[in-house]
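The values are calculated or read from the model by the stated rules, or taken from the named source; none is laboratory data. Note that the structure is predicted; figures quoted are calculated from it, not measured. We place every Cβ from the backbone using ideal geometry, glycine too, and count neighbours over all the protein chains shown. The accessibility values were calculated without ligands, DNA or RNA, using every heavy atom of the protein model including side chains. Shrake-Rupley method; radii C 1.70, N 1.55, O 1.52, S 1.80 Å.
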Amino acid sequence: MPRKVAVIGTGQTKTKMRRTDVDFPGLVHEAVSRALEDAGITIKDIDAVVFGSSPEYFEGVNNPEKWCLDASGGFMKPQFRIHTGGTVGASTGIGGFYHVASGMYDIVLAVTGDKLSEGEVQYNLSTVYDPIFGRDMACGAPSAVAHQASRYMHKYGVTEEQTAVAAVQDRKHAQNNPYAQLQLDITVEDVMKSPPISSPIKLLDACPASDGAAAMVFAVEEKAEKMCRRPAWVRAVSAIAETANYAYRDWSEPIALIKAAKKCYAACGIDNPRKQLDVIEMYDAFSPQMLIWAESLGLCERGDGGKFIESGAASMEGDIPINPSGGVLSANTIGATAMVRQVEVCLQVMSKADKRQVDEASWGLAHGWGGGIQFHTVMVVSSEKP
Amino acid sequence: MMAEEKYGVMKGHIGDAPYNWTTGKTAGRLLQEFRDNRKFVGFKCPGCGKVYFPAKDICGECYVPLEEEPVEVGPEGEVISYTIVREANPESPAEAPYVLGMVKLDGADTAVIGLLLAGDKDVQVGMRVKPEWKEERMGHFSDLEGFVSA
């Protein structure tokens with residue numbers, strides 16, 4: 001039986017297009033310091049460190065866990081790196097949970113991030129494709145997701161105006177989040193008129209590239225209760241991968257996410273996620289993905305994502321707010337992005353989300369996506385102890 | 001040819017650093033067919049019966065090696081999704097704007113991404129396409145110029 005584990009502190013940096021005041025280890029140190037302060041502990045209290053970052057080409061330094069060892073707080077402690085592409089932030093959080101749940105360590109720090117401004121992101125992303133088949137047609141993230149959107153919208157008759165609602169909503173929510181990079185006041189018409197990047201994806205349907213890091217402190221039951229007034233209990237985690245070749249898959253129906261969600265719901269006794277969950281943070285790097293992920297999480301019927309988002313159900317005033325933080329469309333460091341989803345739902349159930357707080361949120365779900373599309377992660381947290 | 005180069009080696013680079021990637025069994029055979037016969041061949045999974053094109057050596061779902069004997073697929077196929085790319089990056093396959101299509105060849109159960117050469121005027125999901133091959137072929141994915149309307 002895994003031990004009961006809670007998050008007792010989180011930290012994140014303000015995301016920006018370019019931070020020239022710190023190097024990458026400096027960003028890592030900033031996130032860790034904030035998480036330790038939030039938890040009310042020092043690095044001496046940490047038993048082990050789990051470090052995450054994306055492809056080495058982003059920062060141009062191989063083995064970044066070595067580069068960032070001191071900054072991550074890993075000196076004379078067990079420290080290792082997790083890397084699962086865009087999912088890495090979530091995988092790092094899940095890795096922190098595993099460390100404590102397994103009984104190996106009592107208090108574990110998980111930290112992850114990226115400094116995308118230092119390299120050529122889209123070129124570097126092309127190096128994650130198979131060199132024999134795929135790399136010649138590699139075209140960065142927007143064109144890959146454009147295929148997903150093209151398939152999805154064709155299959156279900158979803159319109160660009162409908163997906164634009166997600167782009168508007170995330171940017172509106174971001175206005176309440178001091179850590180967000182983009183806090184835009186835009187309309188569906190603005191999105192429709194923004195320059196096309198890779199049809200049907202337009203500029204305002206796309207996430208920015210950011211510099212930033214995030215960190216979380218996981219503690220075993222006895223210590224969490226002693227050290228934290230209202231911890232965020234980790235109620236379920238799931239990380240599922242599907243085939244690596246993305247042209248082998250139907251992206252409009254991501255089977256890995258569907259399975260990950262089902263596993264978590266079963267573990268928590270959730271049979272109506274829309275009703276039983278209070279808040280969701282998801283990895284929608286491009287606006288059509290919010291609709292696809294919402295369907296896959298069981299928030300609406302398959303193909304109804306357009307109507308769901310138009311109804312306002314996922315806004316701060318709706319019955320199941322999605323991305324009170326402003327989501328990935330408002331900041332995307334890649335390395336920290338999926339952990340920020342976990343951090344944000346923890347803040348919600350810990351009642352520490354300030355202006356972006358969802359009233360009486362006690363159950364939250366964080367989703368992560370990445371790795372050239374094949375990885376999906378889900379973490380469910382609650383203020384209610386298991 | 002050295003024994004370890006049985007299935008071919010593809011030269012490439014990341015930035016300025018050169019690489020020599022071994023193609024593996026099925027991809028090596030498939031690229032040989034590109035070069036010598038301007039043909040598409042897929043490989044069947046003995047477990048689920050799925051025909052993979054392009055193929056790697058293993059069916060991840062059944063976790064068994066694909067059959068050794070290739071199966072001819074295409075040459076025509078259907079566009080299952082597409083995108084008109086307006087912003088290129090240094091490794092893009094063409095000058096922007098260009099059209100990328102995900103094409104499921106007849107007889108294959110998986111899809112391949114290629115350039116749709118007709119331009120963006122008439123492209124739509126469901127359209128039938130056929131391949132256009134380069135005159136000079138070297139057993140590389142780029143031997144396939146792209147697809148045009150069938």
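Could you work out, residue by residue across A:124-131, how many beta carbons of other chains sit within 10 Å of that residue's beta carbon, and then give the average as an integer? Partner-chain Cβ atoms within 10 Å, mean over residues of A:124-131: 4. Over segment A:51-177, the pair-distance histogram of Cα-Cα distances with 5 Å bins from zero comes to 2, 9, 13, 14, 15, 15, 14, 10, 6, 2, 0, 0 percent, rounded to whole numbers. Against the criterion of solvent-accessible heavy-atom surface with a 1.4 angstrom probe, B:ASP122, B:ASP57 sort, most first, into B:ASP122, B:ASP57.
Using a 1.4 Å probe over protein heavy atoms, the accessible area lost on pairing A with B, summed over both chains, comes to approximately 3100 Å².
The share of accessible area on segment B:11-150 that comes from carbon and sulfur is 45 percent, using a 1.4 angstrom probe. Note on B:26-36: average number of Cβ atoms from other chains within 10 Å of each residue's Cβ is 1. If you sort B:TYR63, A:TYR179, A:TYR129, B:TYR52 by accessible surface, 1.4 Å probe, largest first, the order is B:TYR63, A:TYR179, A:TYR129, B:TYR52.
Model label sites at A:GLU225 and B:ARG137, defined 7 Å from Cα along the beta-carbon direction, differ in position by 7.0 nm. Per residue, the convex hull spanned by the alpha carbons of chain A comes to 122 Å³. Across q = 0.19, 0.21 Å⁻¹, segment A:168-278 modelled as identical point scatterers on its alpha-carbon atoms has Debye log10 I(q)/I(0) values of -1.23, -1.18, in the order of the q list. Accessible surface for B:LYS25 stands near 80 Å², nearest 10, in the context of the full protein assembly shown (1.4 Å probe). Taking Cα pairs under 8 Å and at least six residues apart, what relative contact order does chain B come out at, in percent? So the answer I get is 20 percent. For segment A:127-268, the tally of Lys pairs with Cα-Cα distances below 25 Å comes to 7, considering only residues 8 or more apart or on different chains. Summary of packing: across the peptides A:332-338, A:73-79, A:365-371, the per-residue average of other C-beta atoms within 10 Å ranks them, highest first, as A:332-338, A:365-371, A:73-79.
Spin-label model, B:ASP57/B:ASP122: points 7 Å from Cα along the beta carbon direction are separated by 4.3 nm.
For A:LYS385, a cut-off of 15 angstrom between C-alpha atoms picks up these aspartates and glutamates, skipping any fewer than 8 places away in its own chain: A:GLU221, A:GLU222, A:GLU225.
The relative contact order of chain A comes to 25 percent, based on Cα pairs under 8 Å that sit 6 or more residues apart.
For segment B:84-150, the calculated P(r) over all alpha carbon pairs, in 10 Å bins from 0 to the bin holding the longest distance, is 20, 51, 28, 1 percent. Once the Cβ-Cβ distance of A:ARG18 and A:MET76 is raised to the sixth power relative to R0 = 35 Å, the FRET efficiency obtained is 0.55. Here chain B is treated as a Stokes sphere of Kirkwood radius computed over C-alpha pairs; at 4 °C and 1.567 mPa s its diffusion coefficient rounds to 79 µm²/s. Normalised by the number of residues in segment A:124-211, the average gap of Cα pairs under 8 Å and 6 or more apart makes the relative contact order 25 percent. Relative to its residue count, segment A:230-306 spans a Cα convex hull of 117 Å³ per residue.
Working ranking of peptides A:22-30, A:146-154 by packing, defined as the average number of other Cβ atoms within 10 Å per residue, highest first, is A:146-154, A:22-30.
Other protein chain C-beta atoms within 10 Å of residue C-beta, averaged over B:109-116: 5. Basic side chains Lys and Arg get +1 at the Cβ, acidic Asp and Glu get -1 at the Cβ, and with that the dipole of the protein assembly as shown about its Cα centre reaches some 960 debye.
A simple spin-label model places the labels of A:SER351 and A:GLU301 3.9 nm from each other, with each point 7 Å out along Cα-to-Cβ.
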